[in-house]
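The values are calculated or read from the model by the stated rules, or taken from the named source; none is laboratory data. Only a predicted model underlies this, so the values are computations on that prediction, with no experimental measurement involved. A quick note on method: Cβ atoms are made from the backbone with ideal geometry, for glycine too, and the neighbour counts reach across all protein chains shown. These area figures cover heavy atoms from the full protein model, side chains too; ligands, DNA and RNA do not enter into them. Shrake-Rupley method; radii C 1.70, N 1.55, O 1.52, S 1.80 Å.
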Amino acid sequence: MFSRLFELDPALLSLFHYSTNCDSKQDCLSSPEFLDHVTKVMLVIDAAVNHLDDLHSLEDFLLNLGRKHQAVGVSTQSFTVVGESLLYMLQCSLGQAYTAPLRQAWLNMYSIVVGVMSRGWSK
Ligand code: HEM
């Protein structure tokens, strides 16, 4: 997912402050700090999947998470590219099981999550 993200928008890599210690993109993608962030993203997605019926219970957490991303220089538009990368990863992993309704269901869930995160941005 993140390899795809940095193919689509290489500039995002520099927002991870620890990326300056890496000699190459591949080096960076496999660094422990970077892999920690991947785990953090997946834990948020996992929490959203587990709270599909009461996503509002994650609201405060997601608003705060949005604020943290604004502080590290992420723009709300970048979340669209993350969404494309998530769908790309699902398509590659699921093959034939990646159907149009499944794609739509993931897109709906992801849009709600990043929609709330984006509301955390202060103008
Ligand atoms: C923290 C960058 C997308 C979840 C961070 C940090 C950076 C960052 C630099 C702080 C350092 C670190 O913990 O590694 C980005 C960039 C993104 C992105 C450039 C894409 C544009 C996401 C998404 C999610 C997410 C989509 C979840 C849906 C988290 C979490 C933390 C974090 C849970 C830890 C916050 C904390 O310390 O409380 N992110 N992020 N990130 N990110 Fe992201």
So if each residue of separation counts as 0.36 nm, and I subtract the Cα-Cα distance between T20 and V38, what length gain in nm does that give? 4.7 nm
Length released on extending from T80 to L13, taking residue separation times 0.36 nm less the Cα-Cα span: 22.6 nm
Where a ≥ b ≥ c are the square roots of the eigenvalues of the C-alpha gyration tensor, would you call the stretch 2-119 rounded, which needs a/c under 1.5, or, failing that, prolate if a/b is larger than b/c, or oblate? oblate
Just name one of S57, F79, L29: the one whose Cα is farthest towards the positive end of the charge dipole of the chain (beta-carbon charges, Lys/Arg +1, Asp/Glu -1). F79
Here the residues of the stretch 1-21 lying in the modelled label zone of Q91, meaning backbone nitrogen under 19 Å from a point 7 Å along Cα-to-Cβ, are 1-10
When the helices in the chain are scored as -39500 (n - 2.57) per DSSP H run of 4 or longer and the sum is shared across all residues, what 222 nm value do you end up with, to the nearest 500 deg cm²/dmol? -21000 deg cm²/dmol
Express the relative contact order of the chain as a whole percentage, based on alpha carbon pairs under 8 Å and six or more residues apart in sequence. 37 percent
Run the accessible area of the chain with a 1.4 Å probe and give the carbon-and-sulfur part as a rounded percent. 57 percent
Please get the size of the charge dipole for the stretch 3-92, origin at its Cα centre, with Cβ charges of +1 on Lys and Arg and -1 on Asp and Glu, quoted in debye to the nearest 20. 200 debye
Kindly point out, ordered by number, any Cys in the chain whose beta-carbon has no other cysteine beta-carbon under 4.7 Å away. C92
